[in-house]
Amino acid sequence: MVTSLGSAPSRRSVMIAGAGLMLAAAMPRRARAASAGTVERRLVAAPARLPLVGRGHPDTDVWSYDGSVPGPEVRLRQGERLKVTVENRLPQPTTIHWHGVRVPNAMDGVPYLTQKAIEPGTTFTYEFDLLDAGTFWYHPHHQSSEQVGRGLSGPLIVEERDPVAVDRDVVWMLGDWRLNRDASISDDFGNLHDVMHAGRLGNTVTVNGRIRESFALRAGERLRLRLVNAANARIFGLVFEGHDPQIIALDGQPVDPHAPDGNRVVLGPAQRIDLILDATAKPGARFRVLDTFYEGLEYRLLDLVYGSEPPLRDRPLDAPMRLRDNPLAEPDLAAAERHEVAFSGGMMGSMSGAIVDGERLSMAAMMRRGLGWTLNGVAAGEHSSKALFTIGRGRSCVLALANDTAWHHPIHLHGHNFRVISRDGRPTRRREWLDTLLMAPRERAEVAFVADNPGDWMIHCHVLEHQAGGMSGVIRVA
Ligand code: C2O
Ligand code: CU
């Protein structure tokens, strides 16, 4: 079966309330699952000019997939196979990484490690099965700070065979841009200040590629809201005033539905959170969604604006919210290999120097090369591919992660999802599966997984300027 993903969203019907709801959810889906096949798609990475800021401001020159920012929503069904030919019309080489998706190593999109970068004017075809349902995203993995910072990223949604019943399924790609006064993108990518501090924090936050004033709701409806943090460096802490969102998935992996801690939905760069949001207020109501993550820098993201239509239903939909778990192998903690990964560097750290390309350099010498961070005492140069350690294929593994820095870091492992076993020595309540763990300054964490996907896999900070500054390494599964 070949479908154009451009038309894919239309196959998601807006389900209706009442008795027909479960039927609507179940019937066409089962029929489709039987015919699971390959979904083919072409993505063109190219410059475009878009009204990012909107009215009263010039358009912005961006880098886009298929002329849009974010790139087109790639939506398919668990068990299907995705075949994407990427055409590079950018002025520099690129790749695509399918963030959070358990792909074969050769499809992982990491230049110098899993493939040659796609040169301008050439194409590369990625092809892999979608083993897991969930909210994922795609982005370049070459000069990521600049390429993501100029707009390259898009949502990859894998629908469950039996999804939870909702009225609408909506993606919010959260973007953060550093713009000049004329709405052009500041080209100070990779400057040492960003590298050594919190990364490239921008000055313009967008939802699905535009500054939004409002998001329309109908009283009584139930939304599945898929949040994707596609920012280079910004951490979001979203507060939905007047609402009681329930978290149903983290990084695409189902979790027991629960209210966010302190009623704030926190997403580090590259993380995803699926929420169930019941529109429980009255027609005509208006509430703010605030981002309160950085103290003193709180702002209003947008308003939830209720239409005047009569409520879709009188009380919140009484339907289960728990998603079925993905087929992830359960790590055997008693038999697990244990490895340590310590992160050091940055401003206000105590690092005096590190190994770079096999050579010991002072911090000053590192910084002259744009490097300021390490994993286990090694700062990765742009093309380093030497593995930190090897995990036996099929073995259970515990990684003991240590953030020996004064900064937050979203730590991402490629090719696998891991259970978060403990944080600062305390067992986690939900043992959640993640692919990106937001570590607080000085935090310790243990994560566990089965190393069942052979190859050389990156583990790195997803603050893209930290990654460029050496906070990146390779783990071999063999
Ligand atoms: Cu989302 Cu190594 O990346
Ligand atoms: Cu970092």
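Checked against (1) within 30 Å of Tyr126 (Cα to Cα); (2) surrounded by fewer than 21 Cβ atoms within 10 Å (Cβ to Cβ), Arg212 passes all but condition (1). Quick one: in the range 450-478, of everything that is more than 30 Å from Met367 (Cα to Cα) and within 16 Å of ligand 1 (Cβ to nearest atom), which residue is nearest to the chain's Cα centre (by Cα)? Within the range 450-478, the match that is nearest to the chain's Cα centre (by Cα) is Asn453. Taking the criterion of being of a type outside the set (S, T, N, Q) and more than 13 Å from ligand 1 (Cβ to nearest atom), the residues of the range 91-110 that qualify are Pro91, Pro93, Arg102, Pro104, Ala106, Met107.
Looking at this structure, is Ala445 within 20 Å of Leu250 (Cα to Cα), aliphatic (A, V, I, L, M), within 16 Å of ligand 2 (Cβ to nearest atom) and not assigned by TED's automatic domain parsing to the domain that holds Thr114? So Ala445 passes the test.
Looking only at the range 399-430, residues that are more than 21 Å from Phe136 (Cβ to Cβ), surrounded by fewer than 21 Cβ atoms within 10 Å (Cβ to Cβ) and either under 20 Å from the mean Cα position of the chain (by Cα) or within 16 Å of ligand 1 (Cβ to nearest atom) (or both) come to 0 in all. Which of the residues spanning the range 201-253 are in contact with a strand residue (DSSP E or B) (Cβ under 8 Å, 6 or more places away or on another chain), over 18 Å from Val164 (Cβ atoms) and of a type in the set (D, E, K, R)? Arg212, Glu213, Arg218, Arg234, Glu241, listed by residue number.
From the list Thr135, Thr60, Thr85, Thr125, which one is β-branched (Val, Ile, Thr), surrounded by 22 or more Cβ atoms within 10 Å (Cβ to Cβ) and more than 17 Å from the chain's Cα centre (by Cα)?
Working: Thr135 fails: more than 17 Å from the chain's Cα centre (by Cα); Thr85 fails: surrounded by 22 or more Cβ atoms within 10 Å (Cβ to Cβ); Thr125 fails: surrounded by 22 or more Cβ atoms within 10 Å (Cβ to Cβ).
Checking each option against the conditions leaves just Thr60.
Please determine, by comparing only the residues of the range 228-246 that are part of a strand (DSSP E or B) and touching a Leu at 6+ places or on another chain (Cβ under 6 Å), which one is surrounded by the fewest Cβ atoms within 10 Å (Cβ to Cβ).
As a first pass, look at the range 228-246 and keep what is part of a strand (DSSP E or B): 228-229, 236-240, 246.
When the remaining residues are screened for being touching a Leu at 6+ places or on another chain (Cβ under 6 Å), the result is 229, 236, 239.
Details: Asn229: 25, Phe236: 23, Val239: 20.
Out of the qualifying residues, it is Val239.
Considering each residue of the range 359-398, count those that are outside any loop (DSSP other than H, G, I, E, B) and more than 16 Å from ligand 1 (Cβ to nearest atom), and give that number. Step through it out loud before you land on a result.
Restricting attention to the range 359-398, the residues satisfying the condition of being outside any loop (DSSP other than H, G, I, E, B) are 359-368, 373-375, 378-379, 387-391, 396-398.
With the extra rule that they be more than 16 Å from ligand 1 (Cβ to nearest atom), the set shrinks to 359-368, 374, 378-379, 389-391, 396-398.
Residues in the range 359-398 being outside any loop (DSSP other than H, G, I, E, B) and more than 16 Å from ligand 1 (Cβ to nearest atom): 19 in total.
On inspection, Phe389 does not qualify as buried (at least 18 other Cβ atoms within 10 Å of the Cβ), within 29 Å of Gln115 (Cβ to Cβ) and either within 17 Å of the chain's Cα centre (by Cα) or modelled with pLDDT of 95 or more (or both).
Of all residues in the range 448-469, those satisfying the criterion of being more than 16 Å from Leu399 (Cα to Cα) and either near ligand 2 (Cβ under 10 Å from one of its atoms) or in contact with a Pro (Cβ under 6 Å, 6 or more places away or on another chain) (or both) are His462, Val463, Leu464, Glu465, His466, Gln467, Gly469.
Of the residues Phe287, Phe343, which single one is under 29 Å from the mean Cα position of the chain (by Cα) and assigned by TED's automatic domain parsing to the domain that holds Pro257?
When all the criteria are applied, what remains is Phe287.
Please state which one of Asp176, Asp194, Asp182 is part of a strand (DSSP E or B), in contact (Cβ under 8 Å) with a residue 12 or more places away in the chain, among the acidic types (Asp, Glu) and outside the structural domain of Ala46 (by TED's automatic domain parsing).
Values: Asp194 fails: part of a strand (DSSP E or B); Asp182 fails: part of a strand (DSSP E or B).
It is Asp176.
Evaluated against (1) at pLDDT 95 or above; (2) outside any strand (DSSP E or B); (3) assigned by TED's automatic domain parsing to the domain that holds Ala249, Ser145 falls short on exactly one condition, (3).
Mind telling me which of the residues Leu152, Leu113 ends up being within 13 Å of ligand 1 (Cβ to nearest atom) and surrounded by fewer than 21 Cβ atoms within 10 Å (Cβ to Cβ)?
Values: Leu152 fails: surrounded by fewer than 21 Cβ atoms within 10 Å (Cβ to Cβ).
Answer to the check: Leu113.
Count of the range 208-228 residues, restricted to those that are closer than 22 Å to Gly262 by Cβ and in contact with a Phe, Trp or Tyr (Cβ under 6 Å, 6 or more places away or on another chain), is 2. Against the list (1) more than 16 Å from ligand 2 (Cβ to nearest atom); (2) assigned by TED's automatic domain parsing to the domain that holds Ile211; (3) closer than 26 Å to Arg429 by Cβ, the condition Val266 fails is (1).
The values are calculated or read from the model by the stated rules, or taken from the named source; none is laboratory data. What you see is a predicted model; the values in this text were computed from it and never measured. Please note: Cβ atoms are built from the backbone with ideal geometry, for glycine as well, and neighbour counts cover all protein chains shown.
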